[in-house]
């Protein structure tokens with residue numbers, strides 16, 4: 001059950017979110033400058049390789065967001081105390097994950113146009129990624145179905161635990177099947193990373209920066225979800241009280 | 001009606017291991033389907049050495065053929081681009097109507113879409129399948145970029 005007391009914060013910001021926010025700005029500023037100015041062009045792909053500093057981190061953070069959704073959903077279902085806090089973090093993480101997945105697909109399409117010569121092809125990696133996005137849009141739709149907050153949490157937690165199984169399918173699609181999309185560079189099963197040093201450093205900076213963006217967004221979003229749940233709950237309480245008063249007066 | 005919560009000992013215990021077993025079975029089933037049954041249906045292209053040999057790579061069908069553009073084979077003539085694709089010791093001549101543009105060059109892997117006519121692939125679409133290797137383009141060695149691409153592809 002939700003706490004009936006009023007929230008103890010007047011905004012969704014805290015000292016922690018402000019620190020994360022400042023760190024995010026610093027790291028992302030470095031990523032933009034390094035990605036556009038300091039890093040070299042690629043010997044084959046030329047300047048288009050710079051899209052990598054957005055495309056790859058956003059894909060990884062989308063995976064991370066969906067994994068966080070699954071873990072917090074598992075905590076909600078399997079923990080003795082079914083804390084709705086886990087459900088809210090799961091929902092917030094899925095929303096942010098969908099946003100990063102869209103960024104991944106848009107930047108991937110642009111990169112594909114410049115290298116493959118096509119915005120989109122139904123190859124295994126692109127198809128499974130599109131399927132993953134649709135699945136999580138479905139997850140977000142389920143969270144908005146009618147029912148109590150507890151029903152919402154239970155339904156969406158089950159879906160989250162099933163949907164996360166798609167992530168290995170997406171990641172290894174380029175290994176299982178023949179894909180137009182290249183194989184992993186950093187997470188190459190052979191462990192042999194073939195990337196220029198500054199490119200690699202900028203890519204990792206991008207991953208750190210996007211992770212900070214992710215943390216900052218879900219901290220705020222899960223708090224707005226708490227406020228929304230409290231508002232809904234107080235409306236329900238008021239309706240019950242009004243009905244009880246009607247009975248008393250009758 | 002008595003709505004007092006029942007004592008802990010009387011409450012039926014929920015079997016929480018069932019969802020875990022079901023999820024595990026779904027996971028195992030998914031892996032089996034993906035690795036054993038879907039490969040032949042989902043592969044995006046045929047390699048050069050599989051044309052006319054592998055199921056789904058029949059010479060009578062429209063094909064997507066993957067191979068590396070052989071060094072020294074690229075020739076552009078009258079809005080037509082001719083080159084040879086090589087893979088695993090086999091080669092296939094390709095005639096493409098137009099200029100592939102973009103990052104197309106010798107020694108890169110490409111997927112050529114088209115039909116086989118007299119043993120030559122007449123293609124109307126070329127997709128450059130770039131590698132997972134990233135190497136700095138040095139301004140002092142611009143002229144070496146072509147050979148660098150070859151060294152990347154050939155490992």
Residue, farthest from residue A:127 (Cα to Cα), within the range B:55-65, restricted to residues that are within 14 Å of another protein chain (Cβ to nearest Cβ) and at pLDDT 85 or above: B:57
Hits in the range A:35-45 - residues which are touching a residue at least 24 places away in the same chain (Cβ under 8 Å), in a helix (DSSP H, G or I) and farther than 17 Å from residue A:107 by Cβ: A:38
Residue ID - farthest from the chain's Cα centre (by Cα), chosen from residues in the range A:143-158 that are surrounded by 15 or more Cβ atoms within 10 Å (Cβ to Cβ) and free of Cβ contacts under 8 Å to residues at least 60 places away in the same chain: A:155
Lone qualifier among A:233, A:244 - being closer than 27 Å to residue A:13 by Cα and away from every other protein chain (no Cβ under 11 Å): A:233
Pick from the range A:116-136, criterion surrounded by 22 or more Cβ atoms within 10 Å (Cβ to Cβ) and more than 19 Å from the chain's Cα centre (by Cα), ranking: nearest to residue A:171 (Cα to Cα): A:124
Flag for residue A:27 being at pLDDT 95 or above, surrounded by fewer than 20 Cβ atoms within 10 Å (Cβ to Cβ) and over 26 Å from residue A:153 (Cα atoms): yes
Helices (runs of 4 or more DSSP H) (entirely within the range A:111-228) containing at least 1 residues that are more than 9 Å from chain B (Cβ to nearest Cβ), within 23 Å of residue A:90 (Cβ to Cβ) and modelled with pLDDT of 90 or more: A:124-143, A:149-163, A:166-171
Residue identified as touching a strand residue (DSSP E or B) at 6+ places or on another chain (Cβ under 7 Å) and surrounded by 12 or more Cβ atoms within 10 Å (Cβ to Cβ) among A:229, A:237, A:196: A:196
Of the criteria (1) in contact (Cβ under 8 Å) with a residue 12 or more places away in the chain; (2) assigned to a helix (DSSP H, G or I); (3) surrounded by fewer than 23 Cβ atoms within 10 Å (Cβ to Cβ), which one residue A:101 fails: (3)
Residue check for residue A:135: within 30 Å of residue A:81 (Cβ to Cβ) and touching a helix residue (DSSP H, G or I) at 6+ places or on another chain (Cβ under 9 Å): yes
Pairs with Cβ under 8 Å, 6+ apart, first in the range A:46-73 and away from chain B (no Cβ under 14 Å), second not in a helix (DSSP H, G or I): A:66/A:164; A:67/A:164; A:69/A:164
Output for the range B:66-106, where each listed residue is touching a helix residue (DSSP H, G or I) at 6+ places or on another chain (Cβ under 6 Å) and in a strand (DSSP E or B): B:67, B:68, B:85, B:87, B:90, B:92
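The values are calculated or read from the model by the stated rules, or taken from the named source; none is laboratory data. As the structure is a prediction and not an experimental result, all values here were calculated from the model. As a convention, Cβ positions derive from the backbone with ideal geometry for all residues, glycine included, and neighbour counts pool all protein chains shown.
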